[in-house]
Amino acid sequence: MESLTTDVAIIGGGPSGSTCGGFLKKYQPDSKVLILEREQFPRDHIGESQLPLIGRILDELGVWDRVEAAGFPVKIGGTYRWGTTDDLWDFDFLPFGQFDDAPRPGRYEGQRKRTAFQVDRSAYDKILLDYAEELGCEVRQRSAVREVRRKGDRVEGLVLADGTEIEAKWYVDATGHSGLLRRAMDVEIDEPSSLKNVAGWYYWRNAEWAVSLGVGGTRIQILSLGYGWIWFIPISPDRTSIGFVCPADHYKKSGLSMEELYRRAIAEEPRLQRLIQNATREDRFTTTKDWSFVANRMAGPNWLLVGEAAGFADPILSAGMTLAHAGAREAAFLIMEAARGGNVPWMAENYERRNERRVRQHIRFADYWYKANTNFTDLKEYTSEIARDAGLELSGDQAFQWLGTGGFIEEDMEVAGLALIRLDQLHSLTGRLSEAPATSSLDGYSVFLPHLSGAEQVKVARFENGGVKAMVALRRDGKFLPLYGLFGLMVDALKFSPLLNEAFGFVQRTMGDAFNHELHARLTECLDAMIREGWVRPKKFGEAPAVRHELPMETAAIHQHTPDRGDGV
Ligand SMILES: Cc1cc2nc3c(=O)[nH]c(=O)nc-3n(C[C@H](O)[C@H](O)[C@H](O)COP(=O)(O)OP(=O)(O)OC[C@H]3O[C@@H](n4cnc5c(N)ncnc54)[C@H](O)[C@@H]3O)c2cc1C
């Protein structure tokens, strides 16, 4: 029987596997990387609507141009029927009016950095896997891993379905939902949410798009009904994914098949009916359960879990692929730093903390979305149970604090936010989803005093340029404050003066021409997050003028939907 040795064996050739393999070869071309994929690509897969962060990762990997050349629809955002009313509203990464009718294929610059793709996974996953192979990964398709051999907490080898034995220095579980290595290593999972949904979908040919902007620009549609919700995602110029999600309990009690429920949901949605009146359905109806979970461990002495093998959050936030790409990139950087003699336990701890936090935040956020949706008229008991189990209150400020349990400071993005959503966007979102919008933590105060005592100085990992760098941060009560990037700048500014105008004057002098309206807004968000996490104490002080910081519900990013340019329905 054949036996192989390699530096890194990656099980699974989906987006996490190919991203991890691609980065390994990009930054360490001499390493030997083997990707084992059970299927022969192209193959269909769910998970089509992306977030802009993926563009940055694809660009760093060097594959963005190829993805762009495939002509996938450009996602500028989404239209939602969700929240405290049944009105439609839009969440735009790039404000509608700012979208230029630029020719395609475009370049990863300007407006394209603020948009995302909606991808047909049969094409997308193949582009990525082929690219990883071109970079030098050995890719074996139709090569299912049958067995993971272990000794204690170390993986000793893999055995393929055809008996081939593989030994590697590192093993990466990128098997998605099946979590092959995770199970073999007896890693338990936590299911922190009571959300237990099932999904069913068909692909459609020649559906109209709800919105058509320039060349290939559009929004996804997320439309809730009384008992579930529908996604409408164009994934190529003529192919659209239309899915239906409802609680598993509702499905069981309905006495209908998932396909019958799907057909009923589609028939009940007039907005959709108009879009599919000239469309044809493909043959295959697919169903899955989408129960959120997070692995209790994501790294061992010579193995890592990436993507959906490490955790999954309900698809309402379209975040799975973003988490998969981001985590896989970090896994690759960790392995490369380890080869340079890096401190594996420290890197592994950082890898786990970041990735676990991301998944948990998304799960928490999904709980909030479901509970906040008053359109779920038939699911009140279900959504109340979710909120009760999660300890979630629905007033804007309470919800905001609850959402921020894992912290508002995104080390990854070095900006303030949560679940990859910036803090100011989160404010207007709570306005849509809560009974009352959240208020700013700055408003009405005049001085902002850094409160850093009792914090321990620690090193946190920054994953960049194919390696892992140690950066200085403060840790207190399980929360981290980076002393670099925008947060570090804000700490220095407030140490200079707790009066905001003087603090920003300090920033202006430090940053010179780079100081602009955008940076001012980002730093204000950082300050908001630092107050919410107790790193800064706001006070009213004598005659010092109070800061006015009002948070409008309607913003360029999140606003009431109006049938606008290019809107087909
Ligand atoms: C209903 C639903 C809707 C979703 N919608 C979205 C969305 O809109 N946006 C979004 O970002 N995410 C979405 N997701 C999540 C998204 O599908 C996943 O996050 C993403 O596919 C994870 O990528 P991955 O590479 O980790 O796993 P996968 O894409 O599942 O890839 C795993 C690969 O491993 C292979 N494999 C498995 N076992 C073996 C084995 N034993 N040997 C060899 N190979 C193996 C599989 O064949 C597969 O190709 C959705 C998920 C669901 C369930």
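The values are calculated or read from the model by the stated rules, or taken from the named source; none is laboratory data. Here the structure is a predicted model, which means the values were calculated and not measured. Ideal geometry is used to build each Cβ from the backbone, glycine not excepted, and the neighbour counts take in all protein chains shown. Protein only, heavy atoms only, side chains kept; ligands, DNA and RNA dropped before computing areas. Shrake-Rupley method; radii C 1.70, N 1.55, O 1.52, S 1.80 Å.
Looking only at segment 208-232, count every residue that is open to solvent by 10 Å² or more (accessible area, probe 1.4 Å) and within 14 Å of the ligand (Cβ to nearest atom) and tell me the total.
The total comes to 1.
When you look at residue 446, is it open to solvent by less than 20 Å² (accessible area, probe 1.4 Å) and polar (S, T, N, Q), yes or no?
Numbers: open to solvent by less than 20 Å² (accessible area, probe 1.4 Å): yes; polar (S, T, N, Q): yes.
So residue 446 fits the description; yes.
Kindly indicate the residue of segment 25-37 that is assigned to a helix (DSSP H, G or I) and farther than 26 Å from residue 147 by Cα and also farthest from the ligand (Cβ to nearest atom) among those meeting that condition. First the steps, then the outcome.
Taking segment 25-37 first, the residues assigned to a helix (DSSP H, G or I) are 25-27.
With farther than 26 Å from residue 147 by Cα added as a condition, the list becomes 26-27.
Details: 26: 18, 27: 20 Å.
Taking the candidates together, the pick is 27.
In this structure, is residue 485 surrounded by 15 or more Cβ atoms within 10 Å (Cβ to Cβ), touching an Asp or Glu at 6+ places or on another chain (Cβ under 9 Å) and modelled with pLDDT of 95 or more? Don't jump to the end; show me each part of the working.
Numbers: surrounded by 15 or more Cβ atoms within 10 Å (Cβ to Cβ): yes; touching an Asp or Glu at 6+ places or on another chain (Cβ under 9 Å): yes; modelled with pLDDT of 95 or more: no.
So residue 485 does not fit the description; no.
With 359, 344 as the choices, which residue is at pLDDT 90 or above and over 25 Å from residue 321 (Cβ atoms)? Please lay out each step first, then the result.
Numbers: 359 fails: over 25 Å from residue 321 (Cβ atoms).
So the residue among 359, 344 that is at pLDDT 90 or above and over 25 Å from residue 321 (Cβ atoms) is 344.
Given the criteria in a helix (DSSP H, G or I) and in contact with a strand residue (DSSP E or B) (Cβ under 7 Å, 6 or more places away or on another chain), does residue 22 qualify?
On the way: in a helix (DSSP H, G or I): yes; in contact with a strand residue (DSSP E or B) (Cβ under 7 Å, 6 or more places away or on another chain): no.
Criteria not met by residue 22.
For the condition under 30 Å from residue 334 (Cβ atoms) and open to solvent by 10 Å² or more (accessible area, probe 1.4 Å), what is the one hit in 175, 280?
Numbers: 280 fails: under 30 Å from residue 334 (Cβ atoms).
175 is the lone residue from the list that is under 30 Å from residue 334 (Cβ atoms) and open to solvent by 10 Å² or more (accessible area, probe 1.4 Å).
Consider residue 283 against the criteria (1) in contact with a Phe, Trp or Tyr (Cβ under 9 Å, 6 or more places away or on another chain); (2) within 8 Å of the ligand (Cβ to nearest atom): it satisfies all of them except one. Which criterion is unmet?
(2)
When you check residue 389 against the structure, is it out of contact with any Asp or Glu (no Cβ under 9 Å at 6 or more places or on another chain), open to solvent by 10 Å² or more (accessible area, probe 1.4 Å) and more than 16 Å from the ligand (Cβ to nearest atom), yes or no?
Details: out of contact with any Asp or Glu (no Cβ under 9 Å at 6 or more places or on another chain): no; open to solvent by 10 Å² or more (accessible area, probe 1.4 Å): yes; more than 16 Å from the ligand (Cβ to nearest atom): yes.
Here the answer is no, as residue 389 does not meet what is asked.
Anything in segment 145-159 that is within 12 Å of the ligand (Cβ to nearest atom) and surrounded by fewer than 20 Cβ atoms within 10 Å (Cβ to Cβ)? List them, or say none.
As a first pass, look at segment 145-159 and keep what is within 12 Å of the ligand (Cβ to nearest atom): 145-148, 158-159.
Of everything in segment 145-159, those that are within 12 Å of the ligand (Cβ to nearest atom) and surrounded by fewer than 20 Cβ atoms within 10 Å (Cβ to Cβ) turn out to be 146, 147, 159.
Looking at this structure, is residue 205 crowded, with 18+ Cβ neighbours inside 10 Å, charged (D, E, K, R), in contact with an Asp or Glu (Cβ under 9 Å, 6 or more places away or on another chain) and assigned by TED's automatic domain parsing to the domain that holds residue 16? First the steps, then the outcome.
Details: crowded, with 18+ Cβ neighbours inside 10 Å: no; charged (D, E, K, R): yes; in contact with an Asp or Glu (Cβ under 9 Å, 6 or more places away or on another chain): yes; assigned by TED's automatic domain parsing to the domain that holds residue 16: yes.
No, not satisfied.
Filter segment 517-551 down to the residues that are open to solvent by 80 Å² or more (accessible area, probe 1.4 Å) and not in a helix (DSSP H, G or I) and list them by number.
Filtering segment 517-551 for residues open to solvent by 80 Å² or more (accessible area, probe 1.4 Å) gives 517-518, 537, 539-541, 543, 545, 548, 550.
Listed by number, the residues that qualify are 537, 539, 540, 541, 543, 545, 548, 550.
So which strands (runs of 3 or more DSSP E) are wholly in segment 50-140 and hold at least 3 residues that are within 14 Å of the ligand (Cβ to nearest atom) and open to solvent by 40 Å² or more (accessible area, probe 1.4 Å)?
Values: elements: 74-81, 88-92, 138-140.
Filter on segment 50-140 gives an empty set.
Please verify whether residue 294 is of a type in the set (A, V, I, L, M) and under 28 Å from residue 89 (Cα atoms), treating the condition exactly as stated. First the steps, then the outcome.
On the way: of a type in the set (A, V, I, L, M): yes; under 28 Å from residue 89 (Cα atoms): no.
Judged against the criteria, residue 294 is not a match.
Regarding residue 327, is this residue within 12 Å of the ligand (Cβ to nearest atom), of a type outside the set (S, T, N, Q), in contact (Cβ under 8 Å) with a residue 60 or more places away in the chain and under 24 Å from residue 180 (Cβ atoms)? Can you show your working first?
Details: within 12 Å of the ligand (Cβ to nearest atom): yes; of a type outside the set (S, T, N, Q): yes; in contact (Cβ under 8 Å) with a residue 60 or more places away in the chain: yes; under 24 Å from residue 180 (Cβ atoms): yes.
So residue 327 passes the test.
Would you call residue 314 over 21 Å from residue 13 (Cβ atoms) and in contact with a His (Cβ under 9 Å, 6 or more places away or on another chain)? Break it down stepwise before answering.
Numbers: over 21 Å from residue 13 (Cβ atoms): yes; in contact with a His (Cβ under 9 Å, 6 or more places away or on another chain): yes.
So residue 314 fits the description; yes.
So which residues in segment 488-497 are closer than 14 Å to residue 530 by Cβ and open to solvent by 40 Å² or more (accessible area, probe 1.4 Å)?
Taking segment 488-497 as the starting set, the residues that turn out to be closer than 14 Å to residue 530 by Cβ are 488-495.
492, 495, listed by residue number.
Can you say whether residue 381 is among the charged types (D, E, K, R) and not in a loop (DSSP other than H, G, I, E, B), as far as the supplied structure shows? Spell out how you get there, then give the answer.
Values: among the charged types (D, E, K, R): yes; not in a loop (DSSP other than H, G, I, E, B): yes.
Yes, satisfied.
Each row is one residue, and each column tells you yes or no for (1) within 12 Å of the ligand (Cβ to nearest atom); (2) part of a helix (DSSP H, G or I).
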{"site": "263", "(1), (2)": "no, yes"}
{"site": "271", "(1), (2)": "no, yes"}
{"site": "275", "(1), (2)": "no, yes"}
{"site": "278", "(1), (2)": "no, no"}
{"site": "289", "(1), (2)": "yes, no"}
{"site": "297", "(1), (2)": "no, no"}
{"site": "308", "(1), (2)": "yes, yes"}
